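> Before anything else, here's the structure in question.
Bear in mind these aren't lab numbers, they're just calculated from the coordinates by the rules spelled out. All values reported here derive from a predicted model rather than from experimental measurement. When we count neighbours, we look across all protein chains shown, and the Cβ atoms used for this are built from the backbone with ideal geometry, even at glycine.
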């Protein structure tokens with residue numbers, strides 16, 4: 001895996017994410033509420049991220065980029081899933097919330 005490019009790693013991470021989304025969609029089809037599925041996914045993401053952090057002997061300084069990556073990805077998908085009328089204007093409340101989260105790290 002050491003010879004994989006950053007693009008290869010990104011592609012693999014998207015493939016893994018899509019596999020997990022397929023499981024989430026199956027739970028929705030089973031009648032589970034979307035907020036319950038989302039909570040489970042957040043729990044799994046936090047759990048595995050903490051596992052990876054400690055397995056790689058990460059330090060507190062290594063956590064900032066992980067949190068920033070989550071926030072950036074979450075912001076992207078919030079905008080992507082919003083209805084056109086709900087699209088926030090640049091600099092709206094979400095940006096302030098993200099800045100607040102970054103400052104608390």
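> Pick from 23, 14, 71: which residue has the top mean-square fluctuation in a GNM of the chain where Cα pairs under 10 Å get a spring?
For the chain, modelled as a Gaussian network with Cα springs under 10 Å, the answer is 14.
> Right, next: Tell me, in nm to one decimal, what length is gained between residue 44 and residue 61 on full extension, where the rule is 0.36 nm per residue of separation less the Cα-Cα distance? Please list the in-between numbers first.
On the way: separation 17, 0.36 × 17 = 6.12 nm, distance 2.21 nm.
Contour length minus the Cα-Cα distance gives 3.9 nm.
> Given 0.36 nm per residue, what is the gain on full extension from residue 15 to residue 77 after removing their alpha carbon distance, in nm?
Numbers: separation 62, 0.36 × 62 = 22.32 nm, distance 1.63 nm.
Result: 20.7 nm gained on full extension.
> Go ahead and set up a Gaussian network model of the chain, Cα springs under 10 Å, then flag whichever of 41, 63, 12 fluctuates most.
Judging by the Gaussian network model, the answer is 12.
> What distance in nm separates the simple spin-label points at residue 36 and residue 23, each placed 7 Å from Cα in the Cβ direction?
Label at residue 36, label at residue 23, 1.7 nm between them.
> Now for a different question. From the list (i) 16.1, 52; (ii) 20.0, 72; (iii) 16.1, 45, can you say which value of Rg and Dmax of the Cα atoms in Å was derived from the structure given?
Among (i) 16.1, 52; (ii) 20.0, 72; (iii) 16.1, 45, the one derived from this structure is (iii).
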